[in-house]
Amino acid sequence: MSKDTIYPGQEHSFSDIDETGLGAVDAVPDDRPPASLFGEAWRQLRRRPIFWISAALILLSLLMALFPQLFTSADPRYCVLKHSLEAPGPGHPFGFDKQGCDIYARTIYGARASVSVGVLSMLLSVTIGVIMGSIAGYRGGWADSLLSRVTDIFFAIPFVLAAIVIMQIFKESRTIWTVVIVISLFGWPQIARICRSAVIEAKQEEYVTAARALGSGGWANMLRHILPNAAAPIIVYATVALGSYIVTEATLSFLGIGLPPTIVSWGADIASARSVLRQAPQVLFFPAGALAMTVLGFIMMGDVVRDALDPKARK
Amino acid sequence: MLQAETSSQAVGAQEAAEVQEQAQDHVQEQANGADLKPLLEVKDLEVAFQSSTGTVPAVRKANFSIYPGQTIAIVGESGSGKSTVAAAVIGLLPGTGKVTGGQILFDGKDITHCTRKEYEDLRGSKIGLVPQDPMSNLNPVWSIGFQVREALVANNIAKGSEAHKLAIQMLEHAGLPDAERRSKQYPHEFSGGMRQRALIGIGLACHPKLLIADEPTSALDVTVQKRILDHLENLTSELGTAVMFITHDLGLAAERASYLVVMHRGRVVESGPSLEILQNPRHPYTKRLVQAAPSLSSQRLSAGVEAAQSAHEVSDSSSEQSDSDEVLRAENLVKVFDIRGAKGEKQELRAVDDVSFSIRRGTTLAIVGESGSGKSTVANILLGLLKATSGEVYYEGVPSSTLSAADMFKLRRKMQPVFQNPYGSLDPMMSIYRCIEEPLRIHKIGTREEREKRVAELLDLVSLPRSAMRRYPGELSGGQRQRVAIARALALNPEIVVLDEAVSALDVLVQAQILQLLTDLQAELNLSYLFITHDLAVVRQSADEVIVMRDGKMVESGSCEDLFANPQEDYTRDLIAAIPGGSIPLWSGN
Amino acid sequence: MKRYVGRRLLQLIPVFFGATFLIFAMVYALPGDPIAALGGDKGLPPAVRAAIEREYHLDQPLLIQYLYYLKGIFTFDFGMTFSGRPVVEVMADAFPWTLKLALMAIVFESVFGILFGVFAGLRRGGVFDSTVLVLSLFLIAIPVFVIGFLLQFIIGVKLGWLPVTVDQSMSFKSMLMPAIVLGAVSFAYILRLTRTEVAENATADYVRTATAKGLSRPKVVVRHILRNSLIPVITFIGADLGALMGGAIVTEGIFNIPGVGGTMYKAIFQGEAATVVSFTTILVLVYIFTSLIVDLLYAALDPRIRYE
């Protein structure tokens, strides 16, 4: 068994150069358009049907929220008891509810409350969450410990019960903002946690160290390098959260402590549909369906965006 | 090579008499003319991956064979298809990979399209695997002993307490000290080298006829690498196991294997006896590889003709400066970290312990050391990223601790880093243009147009096309990113560039290119380099002065030639001896 | 390990005080005058009123009242409702309902969530995976009360398979539907979490190494994919008990269950401060207790944590 033995079939041989080719070492690609992270994500999203479905759902709910007149000329608050629970008919495609209001009009007008609560709560939670999470993640030390305990406190308090108490405190002066503030008060800690860990991960990257070696200081690095790289998980979570905040609003309205009764809202309509569910299921079906489709639009969007932004899933 | 074999047999004999007994029948098989029949034969093998845009061939018409007890190596760069060949042999092609043509014969039997059950019978007991990355290849939630035992039980070698005993024995054979106690521990309590020994134990647990070793030591320090490979060689020669090394390192391949298969872009471009290939390469790609392979016999790189001329001009214009013109001096640097010990008690770690050196203008100082030697900490202190516990850094004679924040900011322009990881050192959200422009913006230099012009110049300087400035880091290869990182470091016309393992993560050919580029730039711009590396072969090619560090302390220092020719300390000698293929004379061009 | 658990325990102390104080302050701010309500139309004489205020320390500032309250808790004195019933009795009536409901929900969501998640994760991108993923999104998108109404209407009223409301004996059959409704959203989350973990771990290097040892596929799946994937799933399930108990209010409303949610809902509207604060304190304690269990489980399941 000498290592110098040459076995049959293991003689020195080499392949034809024409056949194998050689090529320059390390050539720069120049046949493709430049690919930024978000550009690549967009290219990938375009090919996913789910992306287009959720985009259409989101667009539709935004249109309903902004321009309900486009969809119906009926007044959602014009109710005639004589029409109570009437089946769908010409001009009233979804029929009437218990009070004799047009369900189609109420479903269209209900979008505004849901979507605005969702969007505003998301913006407020993200603003607070990103600021707190960035400070905790970047500074570390006592700021981090303090923030972790504060978020723990918010997780320890049962949300729905606390929301009922707060809404009850503002019983007389309840507006859409009361709901937004209550949801954000319990929404930001989750975003702060996500932002914190994304920032901690990004701040250890070598490009941040390289920028520090250039003399670029703390918060400039934060804005230029760390936050843009930490953005992906926050964007994904914010999209999903927007959907879940809409559900939360509906739940509060269902419990009778959400939006003031003067505002047309899906949650309140679903709650009032309960007593007539056996006679007229359509009263429940349409507001619930609209709510589910809107929320579905946002959480599906969050899901596909996560896949598109995740470098692990791409390779 | 032969020398290694004799010494290893001596050690092996006393170390594993039992294993030898068990392996006796293997050896006999070989003696009985098995020489003529290959253990593994790969014939016209083709492997392709299915992607959204069609099939991508990964291996094209590969042919080679392994005889019982023989050690061969498949050599190639990343993307050459070498790991895919190995995965095809053991039926572990990842994802959408499929064998699309050819045959794999093991012991005369076609195993190209085995069923899952047939593969399960084959794996472990007949073909073993030692995977690449010791950090990710052991399951973190099971003890080491369990993971070895599992292999024995699965292949019906042993059960219960007998399996337990055998597993410990196997770990001992794999060179794990105190195996009885260690087998109860979990992977995170092991160092990289220990984990690799455990993986070798798993791979050889059932005495397979063929062991596939996929870059088994590329993640380890050189001295650890040498010890583990020596040990693996002993074990396999005792057991009569054939070994198929997969490696990017030509030197290592030639030192350990008798037969080489060189792969490039999915094809076998050349194959044959190791020495023959190293000394008489025929395919142009192999020639390139051999020429680029850094080894002991290589010399300090010199700049190209043009660059050398301009360097001459520079040195003429600054002729009043003496040869010993010192840009940077570090005196008695100490850095102490507070860490927590195993039981949570406070401990001091002297990461850097009394380190002094100086760098002359236009030269390269290399700091060499293994992981944990404190070499990167020194670099971070020089760059002002860490504060030294004590000691002083003089920049052109001025102590840096006396500088105001504003002066420190100015000083940063003179000293720029290039880091190891080509995938981490560029912000993936920024275009190449913005990456290179960033230093100019931070230091508020020039107008927009001037900066744009400067970026174009810098790209020329590092031999990247100007069109690259619109691209994003994710689109470039490791070598190209490293060029961008060098361009960024040069943007502010620094005097010193700190290269922290700047070429370690690159393929051999690309590494050679970058080293040449750095040498040319040094001559052209009269730069001084601080070269932080674990790789002595690279040091030989690029450094003038060398410091060897270990556990935070300076072991030895001196001029590069002296140090290699006449190392004073045992540790330095160990490091030099550990360079794979260091002693093999290579083909040196036409 | 001891260090780790000790540190977590220390961290939970400020959480307990912070959470209870916040709730206390919120309840303090509730509008209405329950004492005046006691007197009915006639109103209370000032002397009686002052006596009641003194007895309940209502004349003290917020912080002092909170400290009195804490003192009560540590001596297991949760106070009285305004109608004179000890709060402990009210809790003894309400908590068993909610606890049983939440535990049944946990069992349902864990068993089915993990089962579906494993199968989806092992065949990522397959038909089962895609279907289950979309269905789970629907569960998350549809509010619990809609799911509750629909199940109640279809299974309870139309098909008559299960009772529409619960019976006083808390029978398994009558609690089944409420438990499924309560666990529905968490079921979707557990399914998705398990699926992601399994799919990710299936491509891990150590799984490849285990296969290369010659292990059979079922053994690889159970020992190396499942074992690792379940660590985050189990911690999620552990943390969910507190969330389910606090969030059962909607489900309890739909199925007429006299549990924690309904009792508190009434108490909040009537300004029954002692009841609201006591109930919430118990829920906070449940959260803290389960957090601790989760930490211990985590340390037991993941050897890397033990040496932190």
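Quick rundown of the values:
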read-out: Residue match in segment B:359-377 (condition: in contact with a Pro (Cβ under 9 Å, 6 or more places away or on another chain), under 21 Å from residue B:542 (Cα atoms) and open to solvent by less than 20 Å² (accessible area, probe 1.4 Å)); value: no
read-out: Residues that are surrounded by fewer than 21 Cβ atoms within 10 Å (Cβ to Cβ), more than 14 Å from chain A (Cβ to nearest Cβ) and assigned to a helix (DSSP H, G or I), drawn from segment B:495-518; value: none
read-out: Subset of segment C:59-114 that is closer than 28 Å to residue C:250 by Cβ and of a type in the set (S, T, N, Q) - its residue that is most open to solvent (accessible area, probe 1.4 Å); value: C:83
read-out: Any helices (runs of 4 or more DSSP H) falling wholly within segment B:530-577 and containing at least 1 residues that are touching a residue at least 40 places away in the same chain (Cβ under 8 Å) and closer than 16 Å to residue B:373 by Cβ; value: B:536-542, B:570-577
read-out: Long-range neighbours under 7 Å by Cβ, at least six apart or interchain, first residue outside the structural domain of residue C:193 (by TED's automatic domain parsing) and touching a residue at least 40 places away in the same chain (Cβ under 8 Å) within segment C:124-148, second buried (at least 22 other Cβ atoms within 10 Å of the Cβ) and in a helix (DSSP H, G or I); value: none
read-out: Those residues of segment C:212-244 which are of a type outside the set (A, V, I, L, M), within 10 Å of another protein chain (Cβ to nearest Cβ) and under 18 Å from the mean Cα position of the chain (by Cα), in sequence order; value: C:242
read-out: Residues satisfying the stated conditions in segment A:266-279, i.e. out of contact with any Lys or Arg (no Cβ under 9 Å at 6 or more places or on another chain) and open to solvent by less than 10 Å² (accessible area, probe 1.4 Å); value: A:267, A:270
read-out: Count of segment C:206-254 residues which are touching a residue at least 12 places away in the same chain (Cβ under 8 Å) and polar (S, T, N, Q); value: 4
read-out: Boolean, residue C:190 is under 21 Å from residue C:248 (Cα atoms), open to solvent by 50 Å² or more (accessible area, probe 1.4 Å), in contact with a helix residue (DSSP H, G or I) (Cβ under 8 Å, 6 or more places away or on another chain) and at pLDDT 90 or above; value: no
read-out: Hey, residue B:470 surrounded by fewer than 19 Cβ atoms within 10 Å (Cβ to Cβ) and modelled with pLDDT under 90 or not; value: yes
read-out: Residue in segment B:68-87 that is aliphatic (A, V, I, L, M) and part of a loop (DSSP other than H, G, I, E, B) present; value: no
read-out: Wholly enclosed helices (runs of 4 or more DSSP H) of segment B:109-187 bearing at least 1 residues more than 7 Å from chain C (Cβ to nearest Cβ) and in contact (Cβ under 8 Å) with a residue 60 or more places away in the chain; value: B:160-173
read-out: Unique match (being hydrophobic (A, V, I, L, M, F, W, C), within 21 Å of residue A:155 (Cβ to Cβ), crowded, with 23+ Cβ neighbours inside 10 Å and more than 9 Å from chain A (Cβ to nearest Cβ)) among C:277, C:284, C:260; value: C:277
read-out: Residue in segment B:473-494 that is touching a Ser or Thr at 6+ places or on another chain (Cβ under 6 Å), in contact (Cβ under 8 Å) with a residue 24 or more places away in the chain and open to solvent by 30 Å² or more (accessible area, probe 1.4 Å) present; value: no
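The values are calculated or read from the model by the stated rules, or taken from the named source; none is laboratory data. A quick note: this is a predicted structure, and the numbers were derived from the prediction, not measured. So basically every Cβ, Gly included, is an ideal-geometry build from the backbone, and we count neighbours across all protein chains shown. Quick note on the areas: whole protein, heavy atoms, side chains included, nothing else; ligands and nucleic acids left out. Shrake-Rupley method; radii C 1.70, N 1.55, O 1.52, S 1.80 Å.
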